[in-house]
Each structure stands twice: as structure tokens, then as C-alpha cells.
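Novice: Below are the C-alpha cells for one structure; questions will follow.
All of the numbers you see were taken from the coordinates with simple rules; none came from a lab. Fair warning: this is a prediction, and the values are worked out from it, not measured in the lab. Please note: Cβ atoms are built from the backbone with ideal geometry, for glycine as well, and neighbour counts cover all protein chains shown.
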Protein chains: 2
Amino acid sequence: MALDLLHVRPGLELPRRTVHVDWERLVAYAEASGDHNPIHQDEEFAHSVGLPDVIAHGMWTMGAAVVLVADWAGDPTAVVSYGTRFVNPVVVPATGGADVEVSGVVTKVDEETGRVTVELSVTCDGTKVLGRAVAVVQAPVPVP
Amino acid sequence: MALDLLHVRPGLELPRRTVHVDWERLVAYAEASGDHNPIHQDEEFAHSVGLPDVIAHGMWTMGAAVVLVADWAGDPTAVVSYGTRFVNPVVVPATGGADVEVSGVVTKVDEETGRVTVELSVTCDGTKVLGRAVAVVQAPVPVP
């Protein structure tokens, strides 16, 4: 179902979710994305560069977070822009993996253009992993 | 090898590359990202919403493009921010898949902070797929 602009106001909170990531998922992401940097797959390499364990691809985290917005909008092609800062890595232990917490809030609604701005909050173990994660969604403009 | 700020100037072009994407890759990406929208996997569904064929996940395209910058920087964690507009989808035919062309140029170098701004150009079959795709990389700051 497409986004109904009549019911979208700044301050509206999107349904939050938790996304699980483990080594298997990182290997699958490396294959799909073509990003085979060992920092995401090789524990010893990760240790050698001072990390506590392998870390998720920043683009995996960014992608996992924006699914919240695409699902809420009801159409992945409604997301017209997206940007973020990578402030902390998602560290993925060999056993148990990691949980990424994603929430979002509408910060701006442009009723003329139908553009809705959503700011995402993305944390792992209480630590912010993405900063200023902002997605803009194109909603259908109501006929006046 | 880390980026050497002494050799980075606005106008510098990064080595361009072509990234291939096919249905198998989209299925792998759906698994890894958790984005199972049928628009990326189901030809009939894609046709039903007016698309010529299934389309790549926007985040797949965004991720595939930034690997150019991460590889150039020599360290994926050097990419400190990234954002883009999704201007056209990458249409992926069942036979043969699609080729995404990625190039990049340095547009700004801040010698004090070591921040290097790269603007990416991302096209498929001559059509721009990402707009204003900008990544910022943190280079080591040379000791004066």
C-alpha cells in the first residue's frame, strides 16, 4: 500500500525493528556486493588492524536500516535519496552474531512535492553506528 | 596501502570499473540484506508494476559503486560518509544480466582534516542510475 500523505506528520515514528547479522550473512553479502575485504570475513585480519572482531560492511548496515523506510513506504522505489555517516562499525562476534536496532522518525513533510524526510537511528549494543542517516521518500501527492 | 594526501588533488580520476549484476546476484543480495521485495526477484511482479524487468536493489547499486572508493582508499573504514539520489533503476534482464559502469573523481581535498570528497558517476546502458553520489574518505593527515 502506498504512503498516504494525509496521515504523515513530523514526529511520526516508524515501526522499529531489530536486524540480526552473523558471519554467514556477511559472507553472503560479500558475494552479492563484490566487497571481499578481509576485515569483514577474517577474524585474524580484523584483530591485526586493531578490531575486536570482524565488522559488518558499512553498506550492509546502511542497506539493512533503510528497509524499514521502504517497507513503511510500501514501495522500495519510493526512496528517492539516502545518505549517512559511518560513525562506528557493527562488530560481529563469531558466536551469536550481532543485533542492529533500527528506528525512524518523520522529520519533514513537503505537502506540495510529496517528499517525506525520515531520520533513522541505528545502534548496536547501545552504540550509534550510523549518524545523520536520512532517507527521503516520494509519496503520492493528494489531488486537491 | 593508505591514501597519500600528498598525491590527491581535485580532478583526480579514480580507476573506473564495470560491475556485472544478474538474477543470481540479486537473490544473494536479497538473502544478505533481508530485502525480499518481489520487484527485485519476480519478473511477473515487475511487469505488473510497469517495469520492463526486475530491477536491482538501489542499495545493491549504491554498495557496488562505493567499493571503487573503498578500494582506492585502501581501507573500507576510511569511507566516513556516503549519500546519493536514486534517479533510475538498474534493469536486470533474465538473460545476460546488466553491467553497471562506475567512475569517480576527487572534487575536494581538505588538507587540514584529511577529508577527501569523491563524486561517483554510475550508469547502466548509458543511463544515469545514481545522482549526486558523493563519498567522503578520511585520509591520514601528513605530519607538517
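Novice: Among all the aspartates and glutamates, which ones have a C-alpha under 16 Å from residue A:128's C-alpha, if same-chain residues fewer than 8 places away are not counted?
Specialist: List returned: A:99, A:101, A:119.
Novice: So the label point sits 7 Å from Cα along the Cα-to-Cβ vector; using that for residue B:131, what distances do you get to the other copies, in nanometres, sorted shortest first?
Specialist: 2.9
Novice: To confirm my reading of the symmetry, which residue of chain B has the Cβ nearest the axis that brings B onto A, and what whole-Å distance does it have?
Specialist: B:83, 1
Novice: Taking the Cα atoms only, what angle lies between the long axis of helix A:58-73 and the longest principal axis of chain A, rounded to 10 degrees?
Specialist: The angle comes out near 30 degrees.
Novice: Using only Cα atoms and rounding to the nearest 10 degrees, what angle (0 to 90) does helix A:23-33 make with the longest principal axis of chain A?
Specialist: Once rounded, one gets 60 degrees.
Novice: Calculate for the protein assembly as shown the 222 nm mean residue ellipticity that helices alone would give, adding -39,500 (n - 2.57) per DSSP H run of length 4 or more and normalising by residue count, nearest 500 deg cm²/dmol.
Specialist: Computed mean residue ellipticity for the protein assembly as shown: -7000 deg cm²/dmol.
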